[in-house]
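Everything on this sheet refers to the single structure shown next.
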Amino acid sequence: MATEKTFYIETFGCQMNAHDSEKVIGTLQQQGYRQVESEEEANLILYNTCSIRDKAEQKVFHRLNDYKALYKQGKRFGVLGCVAQQEGEKIFERAPFVSLVSGSASYRKLPEMLVRLESGETRITGLDDRQTEETFETDFTARLNPYRSYITIIEGCDKFCAYCVVPYTRGKERSRGSASVLEEARRIADMGYTEIQLLGQNVNSYRDPEGNRSFAELLAAVGQVPGIRRVRFTTSHPRDFTRDIVEAIDAVPTLCDHIHLPVQSGSAKVLKQMAREYTPEWYLERISWIKAARRQISLSTDIIVGFPGETPDDFIQTMNLLAEVEYDCVFAFKYSPRPNTPALTMIDSIPEIEKSARLQALLDRQREIQRVNYAKHLGKTLEVMVEGVNPARGQIAGRSSQNKPVNFTSSHGIAPAPGSYQNVRITATHPNSLVGEAV
Ligand code: 5AD
Ligand code: SF4
């Protein structure tokens, strides 16, 4: 490799991956690497990959293929994340110009792997740590988002839902000590951040290895760190969703009034086949706790349509659940068969066209639900955190505490800085966003 150590990294997939990349970037910088903006400028090219659905995975191989000619110029390639863990050494067969393949459970060993890469080794792997008890922490995390900072509180997943690759790619569930989480929260506040997002595949499965705090207690403690104005957390699993989370949100005003609680299906039969370990009634009981809170808490969810064996009647039950809960946001996906998962052995007999039709029907129904939900904000004033400014249109974009996008104008003439707060009166509403004026 050339003498100056430069790297380019591209991240695919979820927020966990985005934040893993922030930690990887910090680790590389600590090893003397400088981050650059394109593959052409870099001598180390890294892709932090996602394999949650088939399309995400294909993207990575396309990207590798697009840039493989750069290998001849002495550039080196590394594949990180879920595709790396899932495909392992097979990546060296499919893309022989790749020198490093590492899953997220092995990132602690990155400094060591980088030294081997620099000494000219070609087939370096970090794939054997899925049973590790350790989490990946570094004091050098690069914070790339100007207004929101992330803290991973729990890694991996032990739930083994029938369709999901995560337990195989991210390894065993392991929580980080609450004292270390709080110390990072204080450090982030000292840097000037006011919003923290706690991350985990199942944040609310958190078990403090020091035995000091439950998830709800940790959440409340982060919300009480001086300087912090907004705390978000994602993703919650219905199975581990306890009432004290709602009580914490009621008691601590800095905890955002939004909960993302993936349901996946409204049919008891499908949920059982998915191995979700709850029934629609169990899920709806948790929703009733949330709706009974003193604060109005916004709800969002994930849904899979076309899971093997999902009948038209099962699908109607999902549609009915949407109408009952009245979510503010839904992420819906067509079922995608994934390697190693138990669902792979079930017959995926629902034709693609039928999966697409169900997805569209669901999205259409949800749009109408959101149209009504969002219209309730008309004429109200919300506190908005500024995320970006479009100077050409004089439009400022931000989010409410409930996580709703708000686009607004300001008559003061000065564009507010990302991360600042602004009270906005809502003058128009859409199914996916609110429009207003700064007051
Ligand atoms: N097919 C389709 N959607 C999936 N998800 C996870 N695995 C699959 C799959 N094999 C969805 C779930 C999960 C979200 C992150 O991605 O809804 O909550
Ligand atoms: Fe995947 Fe289920 Fe774990 Fe979520 S809880 S990461 S869907 S296995």
Quiz prompt | Cα gyration tensor of the chain - equivalent ellipsoid semi-axes, whole Å, descending | solution = 35, 28, 22
Self-check item: Estimated FRET transfer efficiency when R0 is 45 angstrom, pair residue 250-residue 340 (beta carbons, to 0.05)
Solution: 0.65
Quiz item: Measuring from label point to label point, each 7 Å out along Cα→Cβ, what is the residue 420 to residue 158 span in nm?
Solution: 4.7 nm
Quiz item: Under 30 Å from the Cα of residue 68, which lysines turn up, not counting those fewer than eight places away in the same chain?
Solution: 5, 23, 55, 59, 90, 109
Practice problem: Quote the relative contact order of the stretch 146-280 in percent (integer), defining contacts as alpha-carbon pairs under 8 Å separated by 6+ residues. | Solution: 24 percent
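Figure the gain on full extension for residue 347 and residue 186 (residue separation times 0.36 nm, minus the Cα-Cα span) and round it to one decimal in nm. Write out the running numbers ahead of the final one.
Working: separation 161, 0.36 × 161 = 57.96 nm, distance 5.01 nm.
The span from residue 347 to residue 186 would gain 53.0 nm if fully extended.
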Self-check item: Simple label model, 7 Å out from Cα along Cβ direction - residue 118 to residue 144, nm
Solution: 2.3 nm
Quiz prompt | Scattering curve values for the stretch 350-439, log₁₀ I(q)/I(0), Debye with Cα scatterers, q = 0.10, 0.13, 0.18, 0.21 Å⁻¹ | solution = -0.33, -0.49, -0.74, -0.90
Quiz item: What cysteines in the chain have no other cysteine with a beta carbon less than 4.7 Å from their beta carbon?
Solution: 14, 50, 82, 157, 256, 329
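Report the gain in length on full extension from residue 4 to residue 212: 0.36 nm times residue separation, minus Cα-Cα distance, nm rounded to one decimal.
70.3 nm
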Quiz item: Once the Cα atoms of the stretch 298-340 are picked out, what are the Rg and Dmax in Å?
Solution: 11.7, 35
Self-check item: Calculated FRET value between residue 380 and residue 292, using beta carbons and R₀ = 22 Å, to 0.05
Solution: 0.50
Self-check item: HN-Hα J in Hz across the stretch 233-241 - Karplus 6.51, -1.76, 1.60, θ = phi - 60°, x for Gly and Pro
Solution: 8, 7, 9, 9, 9, x, 4, 9, 7
Self-check item: Part-to-part distance (alpha-carbon centres) for the stretch 185-258 and the stretch 262-330, which is given in Å
Solution: 23 Å
Self-check item: Footprinting exposure proxy for 348, 129 (fewest neighbouring C-beta atoms within 10 Å first)
Solution: 348, 129
Exercise. Evaluate the distance, in nm, between pseudo-label points positioned 7 Å from the Cα of residue 240 and of residue 320 along their respective Cα→Cβ axes.
Key: 3.1 nm
Practice problem: Return the percentage of antiparallel bridges among DSSP beta bridges fully within the chain, rounded to the nearest 5 %. | Solution: 35 percent
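Only the coordinates and a few stated rules stand behind these numbers; no lab work does. Being a predicted model, the structure only gives us computed values, none of them experimental. Cβ atoms come from the backbone with ideal geometry, glycine included; neighbour counts cover every protein chain shown.
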